[in-house]
Amino acid sequence: MERLLRGMDRILDRVTLLLLTILLVVVGAQIFARYVLNHSLFWSEELARYLFIYLVFLGAAIVLRREGHIQVSFFVEKFPPLLRRGVAMLADTLLLAFVGIVLIQSVRLAILVWTVPTAALLIPWTFVYLGILLGMAAMVLVMLGALWRHVTGRTDGGRAC
């Protein structure tokens, strides 16, 4: 499981770097075209928005894996290790359930809008919602790994990521 998560980390890091680079080039091209050439690229704003969606959801998976999300742990840190581990398992289980529900709904939505094209790019909306699906799938893997570490005892009583 650890090898899978480390491999996923490397892939997510590279993909998000590539997406961010493309986003910067697209926005830069739009600014150049609008203010220097006095011509607007009709597709650039839509593409930038969709790239940002991918960055948000894939980035959320990266941050979850690195335990970068905001947590209020003041009271939990006062608990004995066994209780801390139980609270962490409960929190991770609830988060896994939420992420799983969003994953299932994003699959349903992606299937539903397969034949609906976007306004400027004319690609199926499924490709837009694929960013949500991929991000949620990555978060499910992260949460399964965290729960596995809790069960096997490879945690300090807090988060196991």
- What are the pairs, 6+ residues apart or on separate chains, where a residue within the stretch 46-72 that is among the aliphatic types (A, V, I, L, M) has its Cβ under 6 Å from a residue that is assigned to a loop (DSSP other than H, G, I, E, B)? V63/H69
- Item | Residue among I31, I11, I53 that is exposed (fewer than 15 other Cβ atoms within 10 Å of the Cβ), among the hydrophobic types (A, V, I, L, M, F, W, C) and closer than 30 Å to L147 by Cβ | I11
- Message: Pull out all pairs, ordered by first then second residue, where Cβ-Cβ is under 7 Å, the residues are six or more apart or on different chains, the first lies in the stretch 26-43 and is within 15 Å of A120 (Cβ to Cβ), and the second is part of a helix (DSSP H, G or I) and of a type in the set (K, R).
- Response: S40/R34
- Task: Select from the stretch 92-125 the residues that are in contact (Cβ under 8 Å) with a residue 12 or more places away in the chain and within 20 Å of A61 (Cβ to Cβ) and list them in ascending order.
- Result: D92, T93, L95, L96, V99, G100, V102, L103, S106, V107, L109, A110
- Can you tell me which residue among I132, I123, I101 is farther than 19 Å from L23 by Cβ and either surrounded by fewer than 11 Cβ atoms within 10 Å (Cβ to Cβ) or among the β-branched types (V, I, T) (or both)? I101
- Query: What's the number of the condition A137 fails, among (1) of a type in the set (G, A, S); (2) surrounded by 15 or more Cβ atoms within 10 Å (Cβ to Cβ); (3) under 25 Å from S44 (Cα atoms); (4) touching a residue at least 24 places away in the same chain (Cβ under 8 Å)?
  - Reply: (3)
- Item | Residues satisfying the stated conditions in the stretch 104-120, i.e. surrounded by 15 or more Cβ atoms within 10 Å (Cβ to Cβ) and out of contact with any helix residue (DSSP H, G or I) (no Cβ under 9 Å at 6 or more places or on another chain) | none
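Bear in mind these aren't lab numbers, they're just calculated from the coordinates by the rules spelled out. None of these values were measured; they are calculated from a predicted model. We place every Cβ from the backbone using ideal geometry, glycine too, and count neighbours over all the protein chains shown.
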